[in-house]
Amino acid sequence: MATAVSQPNHQPAGVGKRGNGAAPVLDLLGLTKKFGDFTAVNDLTLTVHPGEVVGFLGPNGAGKSTTVGMVLGLIRPTSGSVSVMGTPLAGNQPLVSDHIGAIIENPAFYPYLSGRDNLIAHAKMVGGVSASRVDDLLKLVNLHERSKDKYKSYSLGMKQRLGIASTLLTDPALVILDEPTNGLDPAGQREIREIIPRLAQDGHGVLLASHMLHEVEQVSDRVAIVRRGELVTESSVDDLLMRGGHITVRVEEAEVAAAIQVIQHLEGVENVTVSGGVITVVVAPERGRDLNRALMETGIVAAEISPKRNTLESLFLELTEGATV
């Protein structure tokens, strides 16, 4: 389903600056949804700012789709609020059509029309969209060279890219992408990954719900992980990947004991172990330079110092108790 209607009146702030601290385009505050005795979403608070990509992760049944439904006004919250461009969504449904573009599952197009004619047809339904805007969007999603080909001849990746273009016709403040690479081959996945950061660079706020953890890790500025309807962590990608990070150090066998003594006294070191001649230091991976300097000051020259960051996949599985996506 692709949602993009009526021309918005906003001027996106911070064009080309991801996560610039501008006022949020989306603000969820204590958002809760219950279906009888079942709580699908529980007290969820989350913001999306212009110029940033927020990865929205969780196992199946974690409440991602329900949350997106409430943001689009398709599901009424039990409690809490959704605000778009600083205005509560409750009682202001036009906010969705004015400021949000969303692609949910597979977008619908006319198979016998060309890609460009399909976009023009969507633009006419929306109103106020120029032909030059259509052409600019075809270039953005790398379909300008195939714009005259019929939609039915497009690959799945091309169809998905055309769907993304259709959500951008009205230049929405917020773009919601729900599993945008689902079912695509590696080439198609790469094409979508290349487009997502461009949306943020153009000033859009992007909420990306995806099962593809490596995809989210590569394109997101912040990541929010939900489990059983509740937010379990939310932080920048860099900060999340630093959690559980460590540094491995290799020195001459005769210097291992002395190196451990030096390393143990460094500020921020949580633990030091040795196995097979490799010293593992539980410390922020960016402290490698400090560690190397301390060793050299005592005359120990390390053969190797390797920072090891966490992976989003390992962190996700840890926080969701090994649940699969």
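The values are calculated or read from the model by the stated rules, or taken from the named source; none is laboratory data. Here the structure is a predicted model, which means the values were calculated and not measured. Please note: Cβ atoms are built from the backbone with ideal geometry, for glycine as well, and neighbour counts cover all protein chains shown.
Checked against the criterion of being touching a Ser or Thr at 6+ places or on another chain (Cβ under 8 Å), free of Cβ contacts under 8 Å to residues at least 60 places away in the same chain, under 20 Å from residue 102 (Cβ atoms) and part of a helix (DSSP H, G or I), the stretch 155-162 contains one or more residues that satisfy it. Annotation: of all residues in the stretch 263-287 being at pLDDT below 90 and part of a helix (DSSP H, G or I), the one that is surrounded by the fewest Cβ atoms within 10 Å (Cβ to Cβ) is 286. In the stretch 143-184, the qualifying residues are those that are among the acidic types (Asp, Glu) and out of contact with any helix residue (DSSP H, G or I) (no Cβ under 7 Å at 6 or more places or on another chain), and the one that is nearest to residue 211 (Cα to Cα) is 179.
Taken over the stretch 94-124, the residue count meeting the criterion of being of a type outside the set (Ser, Thr, Tyr), surrounded by 12 or more Cβ atoms within 10 Å (Cβ to Cβ) and free of Cβ contacts under 8 Å to residues at least 40 places away in the same chain is 6.
Of everything listed in (1) surrounded by fewer than 14 Cβ atoms within 10 Å (Cβ to Cβ); (2) assigned to a helix (DSSP H, G or I), the single unmet condition for residue 241 is (1). Residues in the stretch 42-76 that are part of a strand (DSSP E or B) and hydroxyl-bearing (Ser, Thr, Tyr) were compared, and the one that is farthest from residue 96 (Cα to Cα) is 45.
Set side by side, the residues 198, 193, 222 differ, and just one is out of contact with any Ser or Thr (no Cβ under 8 Å at 6 or more places or on another chain) and either surrounded by fewer than 17 Cβ atoms within 10 Å (Cβ to Cβ) or touching a residue at least 24 places away in the same chain (Cβ under 8 Å) (or both), which is 198.
Every listed requirement among (1) at pLDDT below 90; (2) crowded, with 19+ Cβ neighbours inside 10 Å; (3) over 17 Å from residue 104 (Cα atoms) is met by residue 185 save one, (2). For the stretch 208-227, residues that are over 19 Å from residue 239 (Cα atoms) and either in a strand (DSSP E or B) or at pLDDT 90 or above (or both) total 2.
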